[in-house]
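J.: Quick one: the structure is below, and I'll ask about it shortly.
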Amino acid sequence: MPTREEAWELLCEYTKGDSLRKHALAVEAAMRAAAQKYGGADADPDEWGIVGMLHDFDYEMFPDPEGGHPWKGSNILCGRGYPDRIIRAIMGHATYTGVARDTTMAKALFATDELCGFLVACALVRPSRSLDDLEVSSVKKKLKDKAFARTVNRDDIRQGVEELGVDLDEHIRFVIEALRPREREIGLGRHEG
């Protein structure tokens, strides 16, 4: 099993853009928390975190869904010795691959990926630019506004919550809380200087 440092190096090798790296860190944070909440006693937060970190690592170089992301990434991960369960979870986060989300880890990745992007967008339009004062009710209101963060797939958020078997409000609150300690790392909050 590769280490978090090796996963970060792989991400940085294929992803040069700051926003996609920050998204990777956000999903990593959410997945680490999800391992503890949903994964049971055997879930490894490091493994779940790596899945979150690497789920889009190939997207910048191979954005085409026809043979590009996440197929290219899957082949790269396989060549670097990543376990099949990690590769399958990453493949499953893209609905167009047809790979079943048949583990809790895969379901959690699908349920957190789009939501992380949406929560960051919600925080960025707040005066505080922070998750500290972001309420579930505000997030749900923005989910209904199709013009806000229009690239975020609301159907994937709803389907992810359904597959994971959790309440939408509870899941939004959970992911906000998972991201709060890492908000500076993911580009949120007010920064001095």
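The values are calculated or read from the model by the stated rules, or taken from the named source; none is laboratory data. These figures come from a predicted structure and were not determined experimentally. Here Cβ is always computed from backbone atoms with ideal geometry, including for glycine, and neighbour counts include all displayed protein chains.
J.: Looking at L25, L10, L77, which is the one that is more than 30 Å from A123 (Cα to Cα) and under 18 Å from the mean Cα position of the chain (by Cα)?
T.: Testing whether each residue is more than 30 Å from A123 (Cα to Cα) and under 18 Å from the mean Cα position of the chain (by Cα) leaves just L77.
J.: I'd like to check something: does the range 83-94 contain any residue that is of a type in the set (V, I, T) and outside any helix (DSSP H, G or I)?
T.: Looking for residues that are of a type in the set (V, I, T) and outside any helix (DSSP H, G or I), one finds none in the range 83-94, hence no.
J.: Have a look at I86, I90 and point out the one that is aliphatic (A, V, I, L, M), closer than 27 Å to L188 by Cα and at pLDDT 95 or above.
T.: I90
J.: When G117 is evaluated against the numbered criteria (1) under 21 Å from E183 (Cα atoms); (2) not β-branched (V, I, T); (3) not in a helix (DSSP H, G or I), which criterion, by number, is the only one it fails?
T.: (3)
J.: Test of understanding: among R173, R126, which residue is surrounded by 13 or more Cβ atoms within 10 Å (Cβ to Cβ), among the basic types (K, R) and either modelled with pLDDT under 95 or assigned to a loop (DSSP other than H, G, I, E, B) (or both)?
T.: Going through R173, R126 in turn, the sole match is R126.
J.: Counting residues that are under 18 Å from T112 (Cα atoms), which helices (runs of 4 or more DSSP H) fully inside the range 1-71 reach at least 3?
T.: The helices (runs of 4 or more DSSP H) meeting that bar are 18-38, 45-54.
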